[in-house]
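The values are calculated or read from the model by the stated rules, or taken from the named source; none is laboratory data. Bear in mind that the values here come from a model prediction, so they are computed numbers and not experimental data. Neighbour counts run over all protein chains shown; Cβ positions are idealised from the backbone, glycine included. Surface areas here come from the heavy atoms of the whole protein model, side chains and all, with no ligands, DNA or RNA. Shrake-Rupley method; radii C 1.70, N 1.55, O 1.52, S 1.80 Å.
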Amino acid sequence: MVYLSLGSNIGDRQLFLQLAIGLITYRIGEVKQVSSIVETPAWGFEGDTFYNACLSLETALSPQEVLEELIAIEIILGRKRKTTKEYQARNIDLDILLYGDELINTQNLSIPHPRMEKRNFVLAPLAEIAAKSIHPILKKSIKQLFQESEDPALVTLIEANLFIPQRKEFIAIEGNIGAGKTTFTHQLQAAIGGTLLLENFYDNPYLADFYQDPEAFALKVETAFLEERVLQLSSFFKLKNTPPVIADFSLEKSLLFAQQNLSEVDFTTYKKEYINASTKLPQPDLVLFLAQSIPQLQKNIQKRGRDFEQGISDQYLQKIETGYLQWQKNSSLNIGELNTKGMDFVQDKDAFYALLATFFRA
C-alpha cells in the first residue's frame, strides 16, 4: 500500500485537495481511503494555516514514477516552485510518505518521508487511515508515533469531507455548435491522461447545401455524418488505447441532430439505421454536456471562421439547444452538465478547476 500526504494553504484549500485526489485517481492508481481534513499551522515558515489530508492507494507505478506524477499534478494545479530550499506557501503540496516497506534514499526521493514522525500535520490524518501500519525504519505503528509525537502544533478537525471519484473509462464531451467541445477535450486529457478520440474533420459533401436548404438536404447530410462517425468509432476501438478514452463527440449526437432536422417520416427510417449501427459500438460511461449561451456560441462560431457556419442563425442554435435539453432527459447515458456560461476555461485556470471539480463529482 502507498500512502500520500496532501496539503494546501493558498486559495480554496479544500478544492485543491479534492482536485488532487481526482487527478491521482486517474494518473496514478486506485485510491482506497481518504482521511478527514485537518487544519494545522504552517510548518517551518510564517504563513496561513494549512488544510492537510492523507490517502492510501494501490498503483502499478514505481516510487520514482509516482513522484513524477505528483510533480505533474502540482504543475497542473498551478503550483509555482521557487528555487530557494526554504519552506513556502503553496496551493498544493503532494508527498509520498510510505511505499509498502520500501526504503529509498536518492537525490530526489526519500521513503519513508524524512521527519514524518515529527509532524502532526502528517501523523494525525495518517493515523486515521493507517493506524496499524508500521514505519519500516522506526518499527513503530503510525498510531504509536502520533501518540509519542513531540510536535506542539495543534491539529483541528475540519467538518468537510473529501471523496474518491469513480473513475470513468470512456468520456464523451458534448454541446451545441461552438460550445468548445474539442478545446475542453484537449484540456481534460492533458489533466487526467488517457487517449484522445477527436471527431475526424469530415468534408461532408452536403453540409454547405444543407445550411442553404435544410429541408432538401437534411437526410443526406445526417446519413453521411452517421456513416462517418460509425466508421471512425469502429476503427478506433479495434486498437488498444490507454484509458480513459476522451472523445469530443458521442454517437448519440447523430440521433439528436437528425431528430431536429428531419421530417417525421425520414427520422423513423434514420432511427432504424442508427439503432442497428450503435448496438455494435461501445457507449461512453459518462457524457459531459457543455452548457453555453447563444451569444457566446455565435462569437465562437465567428472566431473559428468556417465559411459554411457563418450563416447559422440564433434560431437554429436554439433549436439544437432544445434538442440537447430533451436528449438529457430521455437518454439512457450517464450525462453530467458543465455550466460554461460566462467562463473562459482556456485562459482562466480557476474556471477550468471548477469544471474539473464538477467532472470528478459526475
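Please determine whether any residue of the stretch 74-84 is of a type in the set (Asp, Glu) and open to solvent by 30 Å² or more (accessible area, probe 1.4 Å).
No: zero hits.
The set of residues from the stretch 5-50 being more than 22 Å from the chain's Cα centre (by Cα), hydroxyl-bearing (Ser, Thr, Tyr) and closer than 15 Å to Asp93 by Cβ comprises Thr40, Thr49. Residue pairs whose Cβ atoms lie under 8 Å apart, sitting 6 or more positions apart in sequence or on different chains, and linking a residue in the stretch 190-202 that is among the hydroxyl-bearing types (Ser, Thr, Tyr) to a partner that is part of a loop (DSSP other than H, G, I, E, B), are Thr195/Asn241; Thr195/Thr242; Thr195/Pro243; Thr195/Pro244. Listed conditions (1) without any contact (Cβ under 8 Å) to a residue 40 or more places away in the chain; (2) within 18 Å of Thr279 (Cα to Cα); (3) not aromatic (Phe, Trp, Tyr) are all met by Val230, apart from (1). Screening the stretch 133-144 for residues that are touching a helix residue (DSSP H, G or I) at 6+ places or on another chain (Cβ under 7 Å) and open to solvent by 20 Å² or more (accessible area, probe 1.4 Å) and picking the one that is nearest to Tyr99 (Cα to Cα) gives Ser133.
A residue that is modelled with pLDDT of 95 or more, not in a loop (DSSP other than H, G, I, E, B) and not hydroxyl-bearing (Ser, Thr, Tyr) occurs nowhere in the stretch 81-92.
Taking (1) assigned to a strand (DSSP E or B); (2) crowded, with 20+ Cβ neighbours inside 10 Å in turn, Leu157 satisfies each apart from (2). Might you let me know whether the stretch 319-335 holds any residue that is buried (at least 19 other Cβ atoms within 10 Å of the Cβ) and not in a helix (DSSP H, G or I)? Within the stretch 319-335, one or more residues are buried (at least 19 other Cβ atoms within 10 Å of the Cβ) and not in a helix (DSSP H, G or I). Each residue in the stretch 181-211 was checked for being of a type outside the set (A, V, I, L, M) and part of a loop (DSSP other than H, G, I, E, B), and 10 of them qualify. Filtered by the rule that a residue be open to solvent by 20 Å² or more (accessible area, probe 1.4 Å), among the charged types (D, E, K, R) and within 20 Å of Lys299 (Cα to Cα), the stretch 160-194 gives a lone residue, Lys181. Among all positions in the stretch 21-43, there is no residue which is without any contact (Cβ under 8 Å) to a residue 24 or more places away in the chain, assigned to a loop (DSSP other than H, G, I, E, B) and open to solvent by 40 Å² or more (accessible area, probe 1.4 Å). Taken over the stretch 233-255, the criterion of being in a helix (DSSP H, G or I) and either of a type in the set (D, E, K, R) or surrounded by fewer than 20 Cβ atoms within 10 Å (Cβ to Cβ) (or both) is satisfied by Ser234, Ser235, Phe236, Glu252, Lys253. For the stretch 273-296, give me each residue that is open to solvent by 30 Å² or more (accessible area, probe 1.4 Å), in a helix (DSSP H, G or I) and within 14 Å of Val230 (Cα to Cα). Listed by number, the residues that qualify are Glu273, Ile275, Asn276.
Applying the condition of being open to solvent by 10 Å² or more (accessible area, probe 1.4 Å) and within 17 Å of Met116 (Cβ to Cβ) to the stretch 44-62 and asking which residue is modelled with the highest pLDDT yields Phe50.
Every listed requirement among (1) at pLDDT 95 or above; (2) open to solvent by less than 20 Å² (accessible area, probe 1.4 Å) is met by Val230 save one, (2).
Of the set (1) within 23 Å of Ile164 (Cβ to Cβ); (2) modelled with pLDDT of 95 or more; (3) among the polar types (S, T, N, Q), all apply to Ser110 but (1).
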